Amino acid sequence: MTEQPPLIERLCIIGVGLIGGSLARALKQMGEVGEVVGCGRGEVNLQAAVRLGVVDRYDTDPARAVAGADVVVVAVPLGAMEAVLRVIVPQLEPDTVVTDVGSAKSSVIADVERVYGRIPSHFVPGHPIAGTEQSGVEASFATLFQRRRVILTPLAETAAAAHHLIRRMWELTGAEVVDMGVRHHDAVLAATSHLPHLLAYTLVDTLARLDDRAEIFRYAAGGFRDFTRIASSDPTMWHDICVANREQLLEMMTLFNTELARLAEAIRNDDRATILSTFQRAKRARDNLYLD
Ligand code: NAP
């Protein structure tokens, strides 16, 4: 019996952190990748990636790292996407498929358009809806994407074969892959991920600047911990997401501010019916959500 070749002979991961590292681990574990080449700026992280078996070798020069790659995954913070693309694009083989994992999609697509002057057929925008508040390769793990969703936002220009390959790559990690329009993706993620991160950061920052913060945090219980866990996420990454998904995020923040003001008004006016019905509606909605 002849052995099946892996899905990807040579995979280049630019940004071997939580997401890039976890993808490499999952594909290696499945035996679906021949060689993984890592790329980043810091050698300490890349050396750890080799030691942990996440990548087979690395190069700190993205132009060299992508040489001969069948698939390049750009897994750097959103603010670094354009600069990375500028360096790698002239070096790519004609049939190399490029994808990204950025948390907002319009901005990455705009970066791609600026660099190429068009949307190339071999580019497949993607976003795994999975993560933790940790970063770096040491935080990566092979099961991160299992039973999670990965959203692809292919464009009219995207080649069917490239789209299919990236879909298959994510499916092999145990993820459920769905396709979505770019604007819809950014609106949905602004509501479900970007706004909650902003709220957690703002709450912790507000309390941390109070005079009696030590006393306040001493009595912080489980609810506070649950609500604010995501405020430990990487600030640069979340700064980049706010900038990249500005329009959709501002829309959600405006809506949230209106609702918060409405609740403040109800509390001020001792409008108990409004307070209670708001909480009842929210509890019903939360209890009916499938969240693990
Ligand atoms: P991470 O753990 O910090 O990894 C990012 C990696 O990119 C680091 O290893 C970093 O290494 C490298 N990097 C940063 N700037 C670079 C540059 N200019 N050139 C080359 N490498 C660079 O972050 P992550 O959580 O994996 O996030 C990566 C991407 O995934 C982001 O676009 C984020 O929006 C997206 N994402 C994150 C999550 C999440 O929950 N964390 C979920 C879905 C999608 P050096 O500093 O050594 O260069």
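What follows is calculated from the coordinates using simple rules that are stated; it is not laboratory data. Values in this document were obtained by computation on a predicted structure and should not be read as measured data. Here Cβ is always computed from backbone atoms with ideal geometry, including for glycine, and neighbour counts include all displayed protein chains.
Miscellaneous remarks
- Checking each residue in the stretch 39-65 for being closer than 16 Å to Pro77 by Cβ, surrounded by 15 or more Cβ atoms within 10 Å (Cβ to Cβ) and without any contact (Cβ under 8 Å) to a residue 60 or more places away in the chain picks out Cys39, Gly40, Pro62.
- Within the stretch 32-54, the set of residues being under 20 Å from Glu171 (Cα atoms) and in a loop (DSSP other than H, G, I, E, B) comprises Glu32, Val54.
- For the stretch 103-119, a residue qualifies if it is in a loop (DSSP other than H, G, I, E, B), crowded, with 20+ Cβ neighbours inside 10 Å and of a type outside the set (Gly, Ala, Ser), and exactly one does: Lys105.
- Within the stretch 78-92, the set of residues being exposed (fewer than 15 other Cβ atoms within 10 Å of the Cβ) and either within 17 Å of the chain's Cα centre (by Cα) or within 9 Å of the ligand (Cβ to nearest atom) (or both) comprises just one member, Ala83.
- In this structure, Gly136 qualifies as surrounded by fewer than 19 Cβ atoms within 10 Å (Cβ to Cβ) and either polar (S, T, N, Q) or touching a residue at least 60 places away in the same chain (Cβ under 8 Å) (or both).
- Residue check, Asp100 out of contact with any Cys (no Cβ under 7 Å at 6 or more places or on another chain) and surrounded by 23 or more Cβ atoms within 10 Å (Cβ to Cβ): yes
- Residue in the stretch 7-21 that is more than 12 Å from the ligand (Cβ to nearest atom), part of a helix (DSSP H, G or I) and among the hydrophobic types (A, V, I, L, M, F, W, C) present: no
- Residue count for the stretch 93-133 under the criterion of being among the aromatic types (Phe, Trp, Tyr) and more than 16 Å from the ligand (Cβ to nearest atom): the result is 1.
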